[in-house]
1. Can you run phi through the Karplus equation (6.51, -1.76, 1.60; θ = phi - 60°) for region 194-209 and list ³J(HN,Hα) in whole Hz, with x for Gly and Pro?
2. Of the peptides 9-17, 130-138, how do they stack up when ordered by the mean number of other Cβ atoms within 10 Å, highest first?
3. Ranked by accessible surface with a 1.4 Å probe, highest first, in what order do ASP97, ASP78, ASP215 come?
4. Among the lysines, select those whose C-alpha is under 24 Å from the C-alpha of LYS267, and discard any that sit fewer than 8 residues away in the same chain.
5. Taking θ = phi - 60°, what integer Hz values does the Karplus form 6.51 cos²θ - 1.76 cosθ + 1.60 yield along region 44-53, in sequence order, with x for Gly and Pro?
6. Which of LEU104, LEU250, LEU38 moves the most in a Gaussian network model of the chain with Cα springs under 10 Å?
7. Using Cα centres only, tell me the gap between region 136-186 and region 106-135 in whole Å.
8. Set Lys and Arg Cβ to +1 and Asp and Glu Cβ to -1, take the dipole of the chain about its Cα centre, and tell me which of ILE24, LEU60, ASN188 lies farthest positive.
Amino acid sequence: MEIIRAKSDMQRKSFNYIRANKTIGFVPTMGFFHEGHLALMEQAKRDNDLVITSIFVNPLQFGPNEDYERYPRNEENDIALAEKAGVDIVFIPDAKDMYPTKMLISMAIEERINVLCGRTRSGHFEGVLTVLSKLFHLTQPSKAYFGMKDAQQIAVVDALIKDLDFPVDLIALPTIRENDGLAKSSRNVNLDENEREEAVFLYKALQYGRELVVDGEKNPAIIVKEVMDIIDKQTNGTIDYVELLSYPALQPVSLVDQQVILATAVKFKQARLIDNLIFDKNGSLVKRIE
Ligand code: AMP
């Protein structure tokens, strides 16, 4: 396994692979790996000749009051885990190399961002679009792998790839969870003991909401209220949102009569957690999108 830090080296290397007719699977990350990241790398290994994963805590996608400084990092451990998962190249660029000068180009997206995390994380998805465009140019992937935990990100990247004709297939894989159901997240280490116990109620509440649909409830407002009530009663976190929207268009629906996402974000003292379920009009889970 090779570690590459300079973006010029990364791009030269990936062009060499393309010229040699190798397919590249790419897993962009912010590091501090857990099984969610590793599952993406392992799938990329099965599907492609070569796997590149990037570790880059992208300053552009963090707001001024967010956790850029506090975001957990452990490069040495990540490198060991990536090697075990079969990664061929870990690309670890420096912020100064990624953004050597003030960006004169900015990216904007018209839809899919004025809801869910986009509502409060102003500029976040624009930062994601910018860094992914750069990373796609640097790593030349034929397939890029993302986790459904970040379902709004997938909807936004889907638009990026289609609108700008990136020659990349987006592969979205299921959310990997702890035994009690909490979605694995690098940010879970910033929960205290009580919060860790409470955090499972994000998933439990979403599951309850989905069960309401299985049992025939079609009214989004009722489902959202029930989910909110559970999170409110069972945790000391502050609910940022609970929303039920069409997926991947992320538009409000008046009835659950199509594929939808039921998603939540909850702020604990040192960590803001997100989770979601995507299901059809009968409440059957969609675990994977390709
Ligand atoms: P991050 O390092 O948090 O930016 O995540 C890198 C990639 O891993 C993103 O595509 C995430 O959606 C994905 N990911 C994060 N947590 C999970 C999880 N629990 N299950 C599956 N994928 C995940």
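The values are calculated or read from the model by the stated rules, or taken from the named source; none is laboratory data. All of these numbers come straight from a predicted model, not from anything done at the bench. No Cβ is skipped: glycine too gets one built from the backbone with ideal geometry, and neighbour counts run over all protein chains shown. Only protein heavy atoms, including side chains, enter the accessible area calculation; ligands, DNA and RNA are left aside. Shrake-Rupley method; radii C 1.70, N 1.55, O 1.52, S 1.80 Å.
1. So the Karplus estimates, Gly and Pro as x, are 5, 4, 4, 5, 5, 4, 4, 6, 4, 5, 4, 5, 5, 4, 4, x Hz.
2. Details: 9-17: 16.8, 130-138: 20.1.
Final packing ranking: 130-138, 9-17.
3. Details: ASP97 50, ASP78 5, ASP215 135 Å².
Heavy-atom accessible area, descending, gives ASP215, ASP97, ASP78.
4. LYS149, LYS184, LYS204, LYS225, LYS233
5. 4, 5, 5, 8, 9, 6, 9, 10, 10, 10
6. Checking each option, the largest mean-square fluctuation is seen for LEU104.
7. Distance between centres, Cα-based: 14 Å.
8. ILE24
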